[in-house]
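To start, the structure itself, in structure tokens.
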Amino acid sequence: MPVGLFRVCLLVITAIVNHPLLFPKENGTVPENTEEIIQKMKEREESLRLEQLRLEREIADQEATQKALEKAAVVVEESKEQKVRWDMWTALSMVIFLLIELWRQDFQEGNWQDTGGEEDDMAVLGKAFKGVAFPNKAVLASFYEKRILGTTADMARMREMVEGFADDLLEALRSVCNRDADMEVEDCMGVGSMYENWRVRKPFVCDLIVPFAPPEPYCFCCQTWCSGDSFPPDEQGYGTIKVCRAGEDATGCICDKTKLGEDMLCLLHSQVSSTRPSSEMEDLLCFKNTQYLDADQVMKWFQIAVTKAWNRISHKYEFDLSFSLLDSPGALKIKFKSGKSIAFNLTPVVQYENSDVYFISHFPRSSLVADIPSSTHWFLTFAVYERRFIQLVSKTLPANACHVSCLQILSFLHGKQCSLTGPSGLTNYHLKTVLLHLLQARPSQDWAPEKLEARLQDMLKFLEKCLHEKKLYHFFIGNGKIPAELGFPIIFQRAEPLNLFRPFVLRRDIYRKMVDTFHEMLRNMSALINEYTVHIPLAHANGIRKEAL
């Protein structure tokens, strides 16, 4: 019973507690507040989600940046390794290239004169020879007889007359000079085309060189570009001449090379002797404040001396003497009363040691060499050895050899073409150099008179090849095959070969003009030769040509 009552009471209490009227308005706003809370919670959740996304993006960006930096570092390391490998390959390639170039130059130096047979020479022919009608043997023979021999018959008489007058003029020059102070003039020598018997174009001009030496106690100390001194590439072929006292070292005292202290004096040079070069050296035709011989002062002295000498002997001759060209200080002209004239060049030179190589002050033709660096730089001429080489080789050739005829014909064609289209960088000296190379390369029997046509073609082919490569080497410099009979100085044989076409490598306008002139000469060759050739029957010409073949 008590348990039942307890259950009834508990039920009543529960009913009362859960009755809605017990707390009438207490929970009336619960639904509305719940919605706001839920909305705020959703907004908060959304903001947290956006923040999470932002943080995730930043983390991703940082990771991407870190990966990019790591990748860049790897690329840099790889590029460094590749650069090192590339530098190694580049250096190795350059070494290989230089070795190949040195081998090629050595091969050329050993075979630069080797032109091979006529079939090999034909391979040298380029587009310039295509369509060119080359004159046959009969036409060339007629042209040579009519045009060349007919105009060169009086060359010997002219040479004899000029040499005799030059000897008389130089003897008078010695008499008007002060033997104790002026330069000592030696006998003149004939060089060039007039004395090698291949000049064909008028006016005939004799080239004479006059060696001179300083008065005692002075001497000339010569330095060349191949003597071990440092000369830039554009001064190859040049040298300097220093005026020294007898027994003085050409390099000078050590006090000129060493900075002495202010309280130290050279025992060999006092303050008095140090002022000597500025006055005494200028009297010895040196450049101002130096001991180097000045080519311009030498030519001025020589012109004055020649004028004085002529005034002394002019009464003996029935003609006038004058300087003919302003750009050639040694160019003289003899004028006869009849109106005729004879031109010749008298140029002072300095002997190199005890050889027949000479330092020449001025060239009669300015196109032979590039612009002279300065008046203290003298160009070396090997004209005496060139004349001797031709004379030596001529003794081994067949009778009436065609080597001089080839050079005469080619010189005539080139001169005629230049008179039509204007002068070019190509000179007769270049043509003679081509002949010298071929004379050394070909056997003696190849220069028989009946092979004139073939040898003339060889010269044109060789010249075309040199123009194409822009390389025509000086015959003597760097040529180790010079005959020992000539007594040629060994220092020049061991020197690096001198490219005569080097000045045209950078001067493209002159080079283009030279090539165009050569091509025009080839195209006009038949017309120029036929102009001076008598008519030859076609059957006769073909018969002679078949015999030659």
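All of the numbers you see were taken from the coordinates with simple rules; none came from a lab. The structure displayed is predicted, hence computed values, not measured ones. All Cβ positions, glycine included, derive from the backbone under ideal geometry; neighbour counts span all protein chains shown.
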Check your understanding: How large is the dipole of region 308-456 about the Cα centre if only Lys and Arg carry +1 and Asp and Glu carry -1, each at its Cβ, rounded to the nearest 20 debye?
Key -> 500
Review point. Do you know the relative contact order of region 138-248, to the nearest whole percent, from alpha carbon pairs under 8 angstrom that are 6+ apart?
Key: 20
Review point. Sorted by mean Cβ packing within 10 Å, highest first, what order do the peptides 48-61, 407-420 take?
Key: 407-420, 48-61
Exercise for review: When a/c is below 1.5 the answer is rounded, else prolate if a/b is larger than b/c, else oblate, so apply that to region 362-468 with a ≥ b ≥ c taken from the square roots of the Cα gyration tensor eigenvalues.
Suggested key: oblate
Check your understanding: Listed here are the pairs 202/465; 242/461; 416/451; 340/432; which of them are more than 32 Å apart at the Cα?
Key -> 242/461
